[in-house]
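Report on one structure; see the data block that follows.
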Amino acid sequence: MMSLNRQFVGVLLIALLGAEGMHAASLVSKDLIKNKQHTHFRVSPDGSKIALLAPHEGAMNIWHQGVGRGKRTLITRESRSLTHFLWQYDNEHLLYLQDQDGDQQHHLYQVDINGFNTRDLTPYRGIQARVVSMLPLVPDQILVSMNLNSRQRHDVFRINLDTGAIELDTINPGYVIQWAADADLQTRAGVTLSPGGDYEILIKNLANGEWTPKVTIPAGRAIPGLIGFSPDGSVLWYLGDDETGSIRQWALNLQTGETASTPEGKVGDVVDVFRDPVLGVPEGVALRNPMKSWRMFHGGYESIIEFLRFEKGDLFFPNRSLQKKEWIVGYTDPQMSTTYQVYVLGDRHKVILMGMERPNLRNGNFSATQPLLIPGPDGQKIRATLNRPILKKEEPVPTVIRVVDGAMDQPTFQFDEEAQWLAYKEMAVLTIYPPRGVASKEAVTALADDHWATGLKDDILVARNWAIAEGHAKDDQIYLKGTGLGAYAALSAGVKQPDAFAGLVLVNGVTDVPSFMKELPTYEQSIASKLAGWFTGDTSGQKAWAEPSPLDHLNDLDSPVLLVHGANNPWIRKDQAGRLRSKLLNLQKPVETLLFEGEGHQIIQENNVIRYYEALEKFLSAR
């Protein structure tokens, strides 16, 4: 165990950053994409133990150790990598979600600290489980939503963590897509879709069980994110955007129906909430503009943030012990692999260094992530980030334009392994984000014939021309990569301007929206149709997406295509890639396909990730 003063913490972190002049060429590129050495550190409720994810036989599994750098003990032996877990409040068990080969039918598992007894707490075939809430004041229970009684909806169930007994807690009153429980672990709030397509925050009357809309948020704005209730149940906190599109923390007074936002007078989006580990009360928020800064509501925390803050990284706080003495602290930075520490609150500040996610990269010199607002169509600004190769800071280079997977995705400034891998291959990376949330129904209506995925194609082409004009990209070596719905936008751009791109990479991509909507999991179809119906009055969702379809214009496509897909992806089925591949082959267009068995919407198994990057490097270098 190391006790460190603030100055020594800074020295250690500077050492982790490595020598200033180290060349990117000295790195082993595989270290950027293989499994992290460790991640997702979490302290136990009593502060005595640390659990984390680390590799075991090629898959990320749960381990535990003492608070410090002592010996680690393996808890789980899953063959498919885990991505997160929770401590149970008895300090002797952990809970985690796991699916079958990426099918997204997650079950909730409980395992003891010794790894001897693992049981499925949701042992029903064909269901999907989602954790709703677990509170230290009710330590033997957890609320979980499952589509058990109907595949079309997720109801809330109460599970006894001691006996495994399951009972129905709350029947879904309609299209609830998010739940929140109060301080007594009673399901009391939900986010739903109204008949008109708006988002509504519903509150449950515990006396008669009736649900009442309290807040209405127009469609096209950000989906509200429920935080939790005040201890007396009179206030509900949630995240949502304001009239300018900025994300704020809101407090809904359940007695008066009034809402108030925090923090007032601050510029930037609220991207994280610092909550009391027992009561769940917000004690601070993190704002991003474009970097991350914390505003604490408790004056005593300001000095702690100042002590922990390091000029090279953003702070985040995964969890704390119930007594608030032990904190897990993380540092993220675009040019440094994420680093974890344990901060121990006391008369003297103490920090225990847990390590870097990718310690083999500690001496690397990585590409800076530059936030951009590119002038776009109709005077709008295109949100983007740029990474350039370390050794080629001025000249035009081969460039990959990436399109993100969702309309609500925001620019982040964490360590981006793929962007750094491409920069290591002496390529620039320009990442394009969709427009911000739309602030009125009128504005959304105007987009009815040009939804964000197809509208984004114009932003892509504008960004391409900007990259050439600014001297970043070689005009004959610009590649376009899209994921999910971002792949639909990428394919649309490639069809609209056939000579614009040297190649298209479509990862788990939508290529035909009407069939995509028909093939969605049952519990998502009704919600998708409801949103589409708000745009057009057509609940089938056909009109909202059918025009224009890039599949009808593949004769115009000149770019070779690399299709990457998880065979078990339930959201965007492999037939999406299969249909495009068949059409391209019939037209004698160049297409390569990489289908991963045992993977879903995300490719997470280490051997498959490495195979993907090997195929990507070959595809990019062949043109």
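The values are calculated or read from the model by the stated rules, or taken from the named source; none is laboratory data. Please read all numbers here as calculations on a predicted model, not as lab measurements. A quick note on method: Cβ atoms are made from the backbone with ideal geometry, for glycine too, and the neighbour counts reach across all protein chains shown. Side chains are part of the model used for accessible areas, which takes the heavy atoms of the whole protein and leaves out ligands, DNA and RNA. Shrake-Rupley method; radii C 1.70, N 1.55, O 1.52, S 1.80 Å.
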Item to complete: Give segment 356-380 a look and list any residue that's modelled with pLDDT of 90 or more and buried (at least 18 other Cβ atoms within 10 Å of the Cβ), or say none.
Response: M356, E357, R358, L361, F366, S367, T369, L372, I374
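Scan segment 172-184 and give yes if some residue there is closer than 24 Å to I75 by Cα and outside any strand (DSSP E or B), otherwise no.
From segment 172-184, those closer than 24 Å to I75 by Cα are none; that's our starting set.
No, the conditions are met nowhere in segment 172-184.
Which residue, of D162, D140, D120, is closer than 30 Å to R72 by Cβ and out of contact with any Leu (no Cβ under 8 Å at 6 or more places or on another chain)? Spell out how you get there, then give the answer.
Working: D140 fails: out of contact with any Leu (no Cβ under 8 Å at 6 or more places or on another chain); D120 fails: out of contact with any Leu (no Cβ under 8 Å at 6 or more places or on another chain).
None of the other options fit; the residue is D162.
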Response to the item:
Of the residues in segment 203-225, those that are within 21 Å of Q249 (Cβ to Cβ) and among the charged types (D, E, K, R) number 2
Item to complete: Scan (1) surrounded by 15 or more Cβ atoms within 10 Å (Cβ to Cβ); (2) part of a strand (DSSP E or B) for the single condition E78 breaks and write down its number.
Response: (2)
Discussion item. For segment 553-566, give me each residue that is touching a Phe, Trp or Tyr at 6+ places or on another chain (Cβ under 8 Å) and either free of Cβ contacts under 8 Å to residues at least 60 places away in the same chain or more than 19 Å from L616 (Cα to Cα) (or both).
Written reply: L562, V564, H565
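In segment 157-171, which residues are free of Cβ contacts under 8 Å to residues at least 40 places away in the same chain, part of a strand (DSSP E or B) and either out of contact with any strand residue (DSSP E or B) (no Cβ under 8 Å at 6 or more places or on another chain) or among the aliphatic types (A, V, I, L, M) (or both)? Walk me through it before giving the result.
As a first pass, look at segment 157-171 and keep what is free of Cβ contacts under 8 Å to residues at least 40 places away in the same chain: 157-158, 160, 162-163, 165, 167-171.
Restricting the remaining residues to those that are part of a strand (DSSP E or B) gives 157-158, 160, 167-170.
The one that is free of Cβ contacts under 8 Å to residues at least 40 places away in the same chain, part of a strand (DSSP E or B) and either out of contact with any strand residue (DSSP E or B) (no Cβ under 8 Å at 6 or more places or on another chain) or among the aliphatic types (A, V, I, L, M) (or both): L168.
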Fill in: Qualifying residue in segment 465-479 (condition: modelled with pLDDT of 90 or more and closer than 30 Å to L520 by Cα)
yes
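Give, as residue ranges, the strands (runs of 3 or more DSSP E) completely inside segment 222-279 that count at least 1 residues that are aliphatic (A, V, I, L, M), more than 22 Å from L206 (Cα to Cα) and under 19 Å from the mean Cα position of the chain (by Cα).
Numbers: elements: 225-229, 235-241, 247-253, 259-262, 269-275.
Output list reads 235-241, 247-253, 269-275.
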Worksheet entry | Residue ranges of strands (runs of 3 or more DSSP E) in segment 341-436 with at least 2 members touching a residue at least 60 places away in the same chain (Cβ under 8 Å) and within 21 Å of D314 (Cβ to Cβ) | 350-356, 381-387
Response to the item:
Condition set within 22 Å of L279 (Cβ to Cβ) and crowded, with 19+ Cβ neighbours inside 10 Å, scope segment 171-184, selection nearest to the chain's Cα centre (by Cα): answer is Q178
Discussion item. I need every pair where a residue in segment 461-474 that is in a helix (DSSP H, G or I) has its Cβ under 6 Å from the Cβ of a residue that is open to solvent by 50 Å² or more (accessible area, probe 1.4 Å), sequence separation at least 6 or different chains.
Written reply: L461/Q497; I468/D475
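Kindly indicate whether G299 is in contact (Cβ under 8 Å) with a residue 40 or more places away in the chain, farther than 27 Å from Q370 by Cβ, open to solvent by 30 Å² or more (accessible area, probe 1.4 Å) and among the small types (G, A, S). Step through it out loud before you land on a result.
Details: in contact (Cβ under 8 Å) with a residue 40 or more places away in the chain: no; farther than 27 Å from Q370 by Cβ: yes; open to solvent by 30 Å² or more (accessible area, probe 1.4 Å): yes; among the small types (G, A, S): yes.
No, not satisfied.
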Worksheet item: Taking interchain pairs and intrachain pairs at least six residues apart, which have beta carbon atoms under 6 angstrom, with the first residue in segment 599-623 and closer than 14 Å to A59 by Cβ and assigned to a helix (DSSP H, G or I) and the second open to solvent by 30 Å² or more (accessible area, probe 1.4 Å) and of a type in the set (A, V, I, L, M)?
Response: V609/I603
Response to the item:
Quick count over segment 381-440, residues being at pLDDT 90 or above and hydroxyl-bearing (S, T, Y), is 4
Discussion item. Residue under question is R119, and the condition is that it be basic (K, R), under 26 Å from the mean Cα position of the chain (by Cα) and more than 30 Å from Q335 (Cα to Cα); does it hold?
Written reply: no
Item to complete: Just give me the residues in segment 200-231 being open to solvent by 40 Å² or more (accessible area, probe 1.4 Å), over 25 Å from L287 (Cα atoms) and without any contact (Cβ under 8 Å) to a residue 24 or more places away in the chain, in sequence order.
Response: N205, L206, A207, N208, E210, T212, P213
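Select from segment 133-170 the residues that are of a type in the set (D, E, K, R) and over 16 Å from R188 (Cα atoms) and list them in ascending order. Break it down into steps so the answer makes sense when it comes.
So in segment 133-170, the residues of a type in the set (D, E, K, R) come out as 140, 151, 153, 155, 158, 162, 167, 169.
Matches in segment 133-170: D140, R151, R153, D162, E167.
I'd like the residue in segment 316-340 that is among the aliphatic types (A, V, I, L, M) and either part of a loop (DSSP other than H, G, I, E, B) or within 18 Å of E306 (Cβ to Cβ) (or both) and, out of all such residues, is most open to solvent (accessible area, probe 1.4 Å). So that I can check it myself, show each step before the final result.
Taking segment 316-340 and keeping what is among the aliphatic types (A, V, I, L, M), we get 322, 328-329, 336.
Now narrow it down to the ones that are either part of a loop (DSSP other than H, G, I, E, B) or within 18 Å of E306 (Cβ to Cβ) (or both): 322, 329.
Numbers: L322: 47, V329: 0 Å².
It comes out as L322.
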Response to the item:
Every listed condition ((1) assigned to a loop (DSSP other than H, G, I, E, B); (2) within 30 Å of E597 (Cα to Cα); (3) not hydrophobic (A, V, I, L, M, F, W, C)) holds for Y89 save (2)
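Select from segment 299-320 the residues that are among the aromatic types (F, W, Y) and under 22 Å from the mean Cα position of the chain (by Cα) and list them in ascending order. Steps first, please.
Start the filter on segment 299-320 by keeping residues that are among the aromatic types (F, W, Y), which leaves 301, 307, 310, 316-317.
Selection gives F316, F317.
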Worksheet entry | Residue tally, condition open to solvent by less than 40 Å² (accessible area, probe 1.4 Å) and free of Cβ contacts under 8 Å to residues at least 40 places away in the same chain, over segment 253-275 | 4
Worksheet item: Across segment 279-296, which residue is nearest to G346 (Cα to Cα) among those that are open to solvent by 40 Å² or more (accessible area, probe 1.4 Å) and touching a residue at least 60 places away in the same chain (Cβ under 8 Å)?
Response: L279
Item to complete: Count, please, the residues in segment 490-519 that happen to be open to solvent by 20 Å² or more (accessible area, probe 1.4 Å), in contact with a Leu (Cβ under 8 Å, 6 or more places away or on another chain) and under 23 Å from N465 (Cβ atoms).
Response: 3
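Is it true that R188 is over 23 Å from the mean Cα position of the chain (by Cα), in contact (Cβ under 8 Å) with a residue 40 or more places away in the chain and open to solvent by 20 Å² or more (accessible area, probe 1.4 Å)? So that I can check it myself, show each step before the final result.
Working: over 23 Å from the mean Cα position of the chain (by Cα): yes; in contact (Cβ under 8 Å) with a residue 40 or more places away in the chain: yes; open to solvent by 20 Å² or more (accessible area, probe 1.4 Å): yes.
Spelling it out, R188 is indeed over 23 Å from the mean Cα position of the chain (by Cα), in contact (Cβ under 8 Å) with a residue 40 or more places away in the chain and open to solvent by 20 Å² or more (accessible area, probe 1.4 Å).
Where in segment 113-156 are the strands (runs of 3 or more DSSP E), entirely inside, with at least 3 residues that are open to solvent by less than 40 Å² (accessible area, probe 1.4 Å)? So that I can check it myself, show each step before the final result.
Details: elements: 118-120, 129-133, 141-146.
Counting at least 3 such residues, we get 129-133, 141-146.
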